[in-house]
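K.L.:
The structure that follows is given in the form of structure tokens.
No lab work stands behind these numbers, since they all come straight from the coordinates. Given the structure is predicted, the values throughout are model-derived calculations rather than measurements. Here Cβ is always computed from backbone atoms with ideal geometry, including for glycine, and neighbour counts include all displayed protein chains.
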Amino acid sequence: MKHFFLLIFVPWFCNTLAQDVAILKYSGGGDWYSNPTALPNLIAFSNKNCHTKMNKNPTTVETGNSDIFNYPIVFMTGHGNIYFSDKESENLKNYLISGGFLHISDNYGLDKFIRKELKKVFPTLELQEIPNNHPIYSQNFTFPNGLPKIHEHDNKPPQGFGLFYEGRLICFYDYESDLSDGWEDEIVHNNSKEVREKALKMGANIIQYAFKN
């Protein structure tokens, strides 16, 4: 009698953490830990309005650690220097090309550092401005004009940039918007309710997009 075995493929993200987002801890001296109330508030908003079931207390993962593969999306922010070692760059690359997603929120002063370090991860890829009709702007909430302006820095318009790998958006970078400032407790930046809602809705869109793609 012949025996047949069914081989079932289980994606890397199909585990108990598949519906969670983590904070990325990076080297270089930059304040990866800034905006401490931001992500918990975004998670609470998304769970309430978008039917996600994320842990209300996000975990911190290091760039070079394999734990990053337990999360479909990781979030990073800060003001200062960022440094990826060769090992960290390789780990982050493997994470992103195998289905992971990175959201970077410039908290002011991050731009010149993150662009240089992303080149270590993907030397041949360029950050591209994401068009306003991209699906990331029309998940549960619609932003026909693209990325909303949340916090003023240098009197520049907000821009959403992305890295695309084999046609898939693997990294979303909000520049001159500072979404995560808008996620923080109201008392921190005294943003209006309308501004905070825009930031939370856009953040929820990014999470939804990452979970689906």
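K.L.:
Check which residues have an amide H placed less than 5 Å from residue 60's amide H, if you skip close sequence neighbours.
P.N.:
Close amide H contacts, sequence-distant or interchain: 23.
K.L.:
If the cut-off is a Cα-Cα distance under 24 Å, which lysines reach residue 201, setting aside same-chain residues fewer than 8 apart in sequence?
P.N.:
Counting by Cα, and skipping residues close in sequence, residue 201 has these lysines nearby: 48, 53, 56, 149, 156, 193, 212.
K.L.:
Same structure again: Going by average Cβ density within 10 Å per residue, which order do the peptides 140-147, 104-111 take, highest to lowest?
P.N.:
104-111, 140-147
K.L.:
If you wrap a convex hull around the Cα atoms of the range 34-112, how much volume per residue is inside, in Å³?
P.N.:
Output value, Cα hull per residue: 105 Å³.
K.L.:
Taking the Cβ of each residue in 103, 151, 79, 51 as the centre, tally the other Cβ atoms inside 10 Å and list the residues starting with the fewest.
P.N.:
Fewest-to-most Cβ neighbours within 10 Å comes out as 51, 79, 151, 103.
K.L.:
Same structure, new question: Which order do peptides 124-134, 80-90, 165-175 fall in by mean Cβ count within 10 Å, highest first?
P.N.:
165-175, 80-90, 124-134
K.L.:
Quick check on the exposure proxy: order 196, 115 from fewest to most C-beta atoms within 10 angstrom.
P.N.:
Going from sparsest to densest Cβ surroundings: 115, 196.
K.L.:
If the viscosity is 0.890 mPa s and the temperature 25 °C, what Stokes-Einstein diffusion coefficient in µm²/s follows for the range 92-213 when Rh is the Kirkwood radius over Cα pairs?
P.N.:
165
K.L.:
Check which residues have an amide H placed less than 5 Å from residue 28's amide H, if you skip close sequence neighbours.
P.N.:
Placed amide hydrogens put 83 under 5 Å from residue 28.
K.L.:
Contour minus end-to-end for residue 97 and residue 49, with contour as 0.36 nm per residue of separation and end-to-end as the Cα-Cα distance?
P.N.:
14.3 nm
K.L.:
Per residue of the range 60-70, what does 6.51 cos²θ - 1.76 cosθ + 1.60 with θ = phi - 60° give for ³J(HN,Hα)? Whole Hz please, x for Gly and Pro, Karplus curve as stated.
P.N.:
9, 10, 8, 4, x, 8, 5, 4, 4, 6, 7
K.L.:
What is the extension gain from residue 33 to residue 59, computed as 0.36 nm multiplied by their sequence separation minus the C-alpha to C-alpha distance, in nm to one decimal?
P.N.:
Taking 0.36 nm per residue and subtracting the Cα distance, the gain is 8.2 nm.
K.L.:
Now a separate question. Roughly what would the spin-label model give for residue 25 and residue 86, points 7 Å off Cα along C-beta, in nm?
P.N.:
2.5
K.L.:
Here's something else I'd like to know. Give me D for the chain in µm² s⁻¹, whole number, from Stokes-Einstein with Rh from the Kirkwood sum over alpha-carbon pairs, 10 °C and 1.306 mPa s.
P.N.:
Answer from the Stokes-Einstein relation: 91 µm²/s.
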